[in-house]
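For reference, the structure discussed in these notes is given below.
The values are calculated or read from the model by the stated rules, or taken from the named source; none is laboratory data. Remember, predicted model here, so these are calculated numbers, not experimental data. With ideal geometry, Cβ positions are generated from the backbone for all residues, glycine too; neighbour counts draw on all protein chains shown.
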Amino acid sequence: MDGLSDWFWWAFALALFALEALIPGIFMLWLGFAALGVAVLHLLLPELSVTAQWIAFSLLSLVSVGIAWRLKKVRPVRATDQPHLNRRAEQLIGRVLPLERPIVDGRGRVKVGDAFWTVSGPDLPAGARVRVEAVEQGVLRVRPVE
């Protein structure tokens, strides 16, 4: 075979779309559109050389990524009224909770709903009420409530 098969660009576009689904970030989506453009171009001009196809892919990639950047500039990500929606630990900041296990050597545990969270803070007995101040690597930093 001296060139790319007829289905290569379709498969490549599908693979790029799948990558975008697995690793979201919007970048692969636009490369997938470029591959789709070359697939359509290859349908219209089947005699197009492999080199010309890759050049077309490169140019279409630049154009599609440029469009993506321009769209992002024109329509920036909107602020939300729920900035911690998918950040469960950050939703706990400010809450007052009783210690499930005492804080010994800087580590303890609280129960929130049906989940247990590791906490860090000054040594305190079980049952002491603490306020969540921050989240650091999945550990709630707490201070005693007076």
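Hey, does the stretch 92-114 have a residue that's modelled with pLDDT under 85, acidic (Asp, Glu) and surrounded by 13 or more Cβ atoms within 10 Å (Cβ to Cβ)? No, the stretch 92-114 contains no residue that is modelled with pLDDT under 85, acidic (Asp, Glu) and surrounded by 13 or more Cβ atoms within 10 Å (Cβ to Cβ). Considering (1) surrounded by 19 or more Cβ atoms within 10 Å (Cβ to Cβ); (2) under 21 Å from the mean Cα position of the chain (by Cα), the lone condition that Ile26 does not fulfil carries the number (1). Scanning the stretch 116-137 for residues that are within 13 Å of Leu97 (Cβ to Cβ) and part of a loop (DSSP other than H, G, I, E, B) returns Gly121, Ala126, Gly127, Ala128.
Residues in the stretch 44-73 that are in a helix (DSSP H, G or I) and of a type in the set (Ser, Thr, Tyr): Thr51, Ser58, Ser61, Ser64. Name the residues in the stretch 13-49 that are within 17 Å of Gly66 (Cα to Cα) and without any contact (Cβ under 8 Å) to a residue 12 or more places away in the chain, would you? Correct list: Gly25 only.
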